[in-house]
Ligand SMILES: *Cc1c(COP(=O)(O)O)cnc(C)c1O
């Protein structure tokens, strides 16, 4: 597969270069020159395919010209060691649970894929690769875990002091070996800026191979498309109109869903759900795209003021803003809306969950006619035994009488119990 830079479509590189460089030299993001469409029979077989079989076919279609079948199998098997179960929370509303990986973040999928792919591409290479990663929490944990002991790769995690959860800090500062964690006296944006500066430093780049494992890297971004297929496979068949609501920060996850759609997965709508860092929902609702400093919220993994994958969203629609706005609807939620019990002081902070919402859309046309009015209302439920389904900071809300039935949950655990602590890190 060939990749072009979003800054310059004429600049093209192969898979190895795109992965090792991370970002194009002109600061553009790499995008597949051609997105393959999967054959109709793949979609007929989809419900009966295992996650690994889905991975093999989807990654085969994308990377089949760059990797052997055996390499793709190794890659897929290494990545998909845990499932992404689809759980029905209300009739017709499902949650895709993406927190079953080793660090409980959906980023475990991308990080594991990325580390294995780098190891494959670097086999026989004498130079070491250094992966620089800025994190507000989840990324550092997933990348550190995914790259731990990967031969030929050293990881440096930059994280803002006091702004990541205790659990996450432990996850990436205690591994040692090829993982180095650096605490930065600043906020996430400062960490991100330091990483960008390093990439722009020609002298530094001459001395070492520097790359990133943020979702700007195609090796982190592309595998996220796999669980959209897996979600679809688990829906009751035949599947009607489907909308995926995606809790978003840097917009890699959402862009991967659109990639799946481009490969033929029949997704009707996407919902870009954010916290008050809402430059993308604002754009989708008609404003110009304007980066702003990030605002700290309780859903810290989504505190991004200048989402790096925005150019990818546009590129996936060939630069057509109207087409993008027609398929992707934007909504945002503040902290009290995200976690009413948190605002009421009933429970702790730091709620998040690695989950994407898959919703079945019964009233597609309604959404179309009334993109905002008929949509979200909160889905916060205290289950039996104090189980909370639906924190996560990017909850779409399900309205009384909302014919659209777009909804969400992302989080299951017992309030105060061990799993609650595991997820929330306090
Ligand atoms: C990373 C992360 C997000 C944001 O995902 P993007 O792909 O950057 O949009 C949202 N929620 C959780 C829990 C995350 O870890």
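Bear in mind these aren't lab numbers, they're just calculated from the coordinates by the rules spelled out. Treat the numbers as computed from the prediction; the structure is a model and nothing was measured. Ideal geometry is used to build each Cβ from the backbone, glycine not excepted, and the neighbour counts take in all protein chains shown.
Data table
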| quantity | calculated |
| --- | --- |
| Tensor-based shape of region 159-198 (alpha-carbon gyration tensor, a/c under 1.5 rounded, otherwise prolate or oblate) | oblate |
| Inverse mean reciprocal Cα-Cα distance (Kirkwood Rh) of region 100-207, Å | 14.1 Å |
| FRET efficiency for residue 282 and residue 74, using Cβ-Cβ distance with R0 set to 51 Å, rounded to 0.05 | 0.75 |
| Two-decimal log10 I(q)/I(0) for region 1-56, as the Debye equation yields it once each C-alpha is a single scatterer, q = 0.14, 0.19, 0.23 Å⁻¹ | -0.53, -0.70, -0.79 |
| Cα-based radius of gyration of region 239-289 once divided by 2.2 N^0.38 Å, which approximates compact folds | 1.20 |
| Fewest-first sequence of 173, 37, 211 by Cβ atoms within 10 Å of each Cβ | 37, 173, 211 |
| Residue exposure sequence - 20, 298 - by fewest surrounding Cβ within 10 Å | 20, 298 |
| Rounded Å value of the spacing that divides the Cα centres of region 139-216 and region 1-62 | 25 Å |
| In nm, spacing of pseudo-spin labels at residue 327 and residue 125 (7 Å Cα→C-beta vector) | 3.2 nm |
| Rg/Rg_ref, region 87-130, where Rg_ref = 2.2 N^0.38 Å and atoms are Cα | 1.81 |
